[in-house]
Amino acid sequence: MIGVFDSGNGGLTIFRELTTRFPHLSFTYLGDHANAPYGNRTSQEILRLTRNGVEQLFQQDCRLVILACNTATAIAACTLQHQWLPNSPYRETHNILGIIAPTVEVATQTPWATKEPQYPQATNTDTVAIFGTVQTVSSNVYAEEIAKRCPHVNIVQQACPHLAGVIEHGASERELEELVHDYVQEMLTRSGGTPPHWAVLGCTHYPWVRHLFEQYLPETTRVLCQPKAVANSLEFYLKRHPEYLGDNTIAQPIVLTTGATRQIRPTLQRYWPEVPHIKQLRRA
Ligand code: DGL
C-alpha cells in the first residue's frame, strides 16, 4: 500500500493522477483537514503535523508515503527522511518521498542526482514563475534547486498566502478568479512584465484552479503539471524499489481525513465529482 499525504484537499490532485495511472496498485490518502492549511503555519508546526500524518499512514500499512504537499516537502521532508525515519522502528522497511525533486527535474530537464549544470541547461536563460504557499516560497527550495541546475534561469517566486485556504473552504469561482488574477499580476509586475516561459504551480491545491492560472498567465507561458511529474517519477522509483509494489491484492483507493467528512465531501465533489468515499481516520 502506498500512502499519499497532504494538509487537506490539495494532495488529491496527485492522488487522482496516481490512482488513474497505476490502477494495479493500492493507495491510501490522508488529508489533515483538521489542521489545514499548513502554508502560513510555523516550520515547527508543519514538521510535527507532517510527522503525525506520516506515522498515521505507516500505521495504515503504507510502507511508502508520498508527501503530496509542497509545503510539507519544503519544510519537513529532509528532517523526516534523514533524522526521524532512521531513528524510528520503521527504518528498515518504510520510506518517505517528497514532490519537489520530481518537479525540479521536469522544470530543469535534469535528473535530481545531477547537481551541476549540464549543456544545454548551463546556458538556459528562461524565466520560470513559481507559485506557492508562504512557507514554500520563503524556504527558497525551488529557487535554489533550479539555480543549481540552470544557473542563468530567471526565477520569479510568488507567494499566494490565501489561495490554498480558500480552495480548502470551497470559495466561489468569482472569489478564486479574483485571487488568482491578483497573484498572477503581482508576479508579472515582479518579473518586469517579462512573460515567464514556465509556471510551476508549487502547491498541490492549485491544480484544482489550473484553468484560472491559464486564463490570467500570458498565452505563451506553459504550466508545468506537477501530478504528472510525480507519477512519472514514482514509476521510475518503483522500478528501482519493487519492494514497495505491494502484494498484488488490489484494494479500492481509500481516502481518509482527520476532519469531519460531512464538511469536506461537498467541497471536494465540486473539484472531483468521482472522489472515492471519504472516511474519518480512526487512530490505531
Ligand atoms: N497543498 C499544500 C502544498 O502543496 C499545502 C497548502 C496549505 O496547506 O497551505 O503546499
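Nothing in this text is a laboratory measurement; each read-out follows from the coordinates by a stated rule. What you see is a predicted model; the values in this text were computed from it and never measured. Here the Cβ positions follow ideal geometry from the backbone for every residue, glycine too, while neighbour counts run over all protein chains shown.
Against the chain, whose longest principal axis is taken from its Cα atoms, helix 261-271 shows a tilt of about 40°. Taking springs between alpha-carbon atoms closer than 10 angstrom, which of ILE146, ILE100, ILE254 fluctuates most in the Gaussian network model of the chain? Checking each option, the largest mean-square fluctuation is seen for ILE254. Between ARG63 and THR189, take the C-beta separation as r, use R0 = 41 Å, and let me know the FRET efficiency to the nearest 0.05. Step by step, r from the Cβ atoms, then E = 0.35.
Tell me the GluC sites (Glu not before Pro) within region 1-94 that lie in a loop according to DSSP and have at most 13 other beta-carbon atoms within 10 Å. Don't skip to the answer; put the middle values down first.
Working: sites: GLU17, GLU45, GLU55, GLU92; in loops: GLU92.
Of the GluC sites (Glu not before Pro), the ones in loops of region 1-94 whose Cβ has at most 13 other Cβ atoms within 10 Å are GLU92.
For the options GLN185, GLN118, GLN252, a Gaussian network treatment of the chain with springs between C-alpha atoms closer than 10 Å singles out GLN118 as fluctuating the most.
Nearest 10 degrees, 0 to 90: what angle lies between the long axis of helix 43-59 and the longest principal axis of the chain (Cα atoms)? In the chain, helix 43-59 runs at an angle near 40 degrees to the longest axis. Couplings for region 104-118, taken from phi via the Karplus curve 6.51 cos²θ - 1.76 cosθ + 1.60 with θ = phi - 60°, read 5, 4, 6, 4, 10, 6, 9, x, 4, 5, 8, 9, 9, x, 10 Hz in order; Gly and Pro are left as x.
Would you mind getting me the FRET efficiency between ASP247 and GLU175? Use the beta-carbon distance for r and R0 = 30 Å, nearest 0.05. Before the final figure, lay out the partial values.
On the way: r = 45 Å, r/R0 = 1.52.
The pair ASP247/GLU175 has a calculated efficiency of 0.10.
Across region 207-219, rounded Karplus estimates of 3J(HN,Hα) from the backbone phi angles (6.51 cos²θ - 1.76 cosθ + 1.60, θ = phi - 60°) give x, 5, 10, 4, 4, 6, 4, 5, 5, 9, 6, x, 4 Hz, Gly and Pro being marked x.
Can you give me the angle between helix 173-190 and the longest principal axis of the chain, using Cα atoms only, in degrees from 0 to 90, rounded to the nearest 10? Helix 173-190 and the main axis of the chain meet at about 50 degrees.
Cut-off is 10 Å between beta-carbons; in what order do CYS203, CYS225, CYS150 appear when sorted fewest neighbours first?
On the way: CYS203 30, CYS225 18, CYS150 25.
Sorted ascending by nearby Cβ count, the order is CYS225, CYS150, CYS203.
Neighbour counting of Cβ atoms within 10 Å sorts the residues HIS205, HIS152, fewest neighbours leading, into HIS152, HIS205.
Of the trypsin sites (Lys or Arg not before Pro) found in region 255-284, those that fall in a DSSP loop while having at most 16 other beta-carbon atoms within 10 Å are ARG282, ARG283.
When the Gaussian network model of the chain links Cα atoms closer than 10 Å, the mean-square fluctuations of TYR237, TYR38, TYR29 top out at TYR237.
Here PHE58, PHE131, PHE22 are placed in order of increasing Cβ neighbour count within 10 Å, fewest first, which gives PHE22, PHE58, PHE131.
Label separation (ALA113 vs ARG282): 4.4 nm, computed from points 7 Å beyond Cα along the C-beta direction. The alpha carbon centroids of region 56-109 and region 184-232 are separated by 25 Å.
Amide H contacts of ASN154 (H built 1.01 Å from N, in plane; Pro and chain starts excluded): ASP126, THR127, VAL128 sit under 5 Å, all sequence-distant by 5 or more or on other chains.
TYR38 sits among other residues whose Cβ lies under 12 Å from its own Cβ, and their net charge, with Lys and Arg +1 and Asp and Glu -1, is -2.
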